[in-house]
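Colleague: Structure below; questions to follow.
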Amino acid sequence: MDDFWNTDRFFNQSFFKSDILPPVNIRDTEQQYELEVSAPGFKKEDFKITTDRGLITINAETSEENNEESGGYTRMEFSRSSFSRTFSLPDNVLEEDIKANYKEGLLRITLQKSVKSIADKKQILID
């Protein structure tokens, strides 16, 4: 009986937008880490980004409601999309210097590395 409530049996999983995690690109450069989250259909105000105990969490939630009345019929449609992604922060990230922007469906988060972590490379001699 539990299988009956499994929506995958009736619908493609993409039917429920809230079940989909957006793809994320993570780039490690010399000065910083860059996260790119592909999240079209959201507005800047829909996002909440927090850090806590070595984790960064990206939450987003949006909803839309349309109500039409014509010819004695009423049609009301609504949609809701949300996701949450959490990542471990490397030890060398300066949490106070994390910056984010959202433009054209792409959320970019820049995590600045500490100066200590980007010091010049040093070759270690083997005895």
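Colleague: Test each condition in (1) surrounded by 10 or more Cβ atoms within 10 Å (Cβ to Cβ); (2) of a type in the set (Lys, Arg); (3) out of contact with any strand residue (DSSP E or B) (no Cβ under 8 Å at 6 or more places or on another chain) for Lys44 and report the one that comes out false.
Modeller: (3)
Colleague: Could you list, in sequence order, the residues of segment 62-100 that are under 23 Å from Pro40 (Cβ atoms) and in contact (Cβ under 8 Å) with a residue 40 or more places away in the chain?
Modeller: Ser79, Arg80, Ser81, Ser82, Phe83, Arg85, Phe87, Ile98, Ala100
Colleague: Can you go through Phe10, Phe42, Phe47, Phe16 and tell me which one is of a type in the set (Phe, Trp, Tyr), modelled with pLDDT under 90, closer than 23 Å to Glu104 by Cα and out of contact with any Cys (no Cβ under 7 Å at 6 or more places or on another chain)?
Modeller: Phe16
Colleague: Now for a different question. I want to confirm something. Restricting to segment 40-70 and keeping residues that are of a type in the set (D, E, K, R) and part of a strand (DSSP E or B), which single residue is farthest from Lys113 (Cα to Cα)?
Modeller: Glu69
Colleague: Just to check your reading of the model, which residue among Arg85, Arg80 is at pLDDT 90 or above, under 16 Å from Pro22 (Cβ atoms), among the charged types (D, E, K, R) and not in a loop (DSSP other than H, G, I, E, B)?
Modeller: Unique residue meeting the criteria: Arg85.
Colleague: Which residues, taken from segment 27-39, are touching a residue at least 12 places away in the same chain (Cβ under 8 Å) and either within 11 Å of the chain's Cα centre (by Cα) or assigned to a strand (DSSP E or B) (or both)?
Modeller: Matches in segment 27-39: Gln32, Tyr33, Glu34, Leu35, Glu36, Val37, Ser38, Ala39.
Colleague: Only one of (1) over 21 Å from Glu30 (Cα atoms); (2) in a strand (DSSP E or B) is not met by Asn101, so which one is it?
Modeller: It is condition (1) that Asn101 fails.
The values are calculated or read from the model by the stated rules, or taken from the named source; none is laboratory data. Remember, it's a predicted structure, so these values are computed and weren't measured experimentally. In this analysis, Cβ positions are derived from the backbone assuming ideal geometry, glycine residues included, and neighbour counts consider all displayed protein chains.
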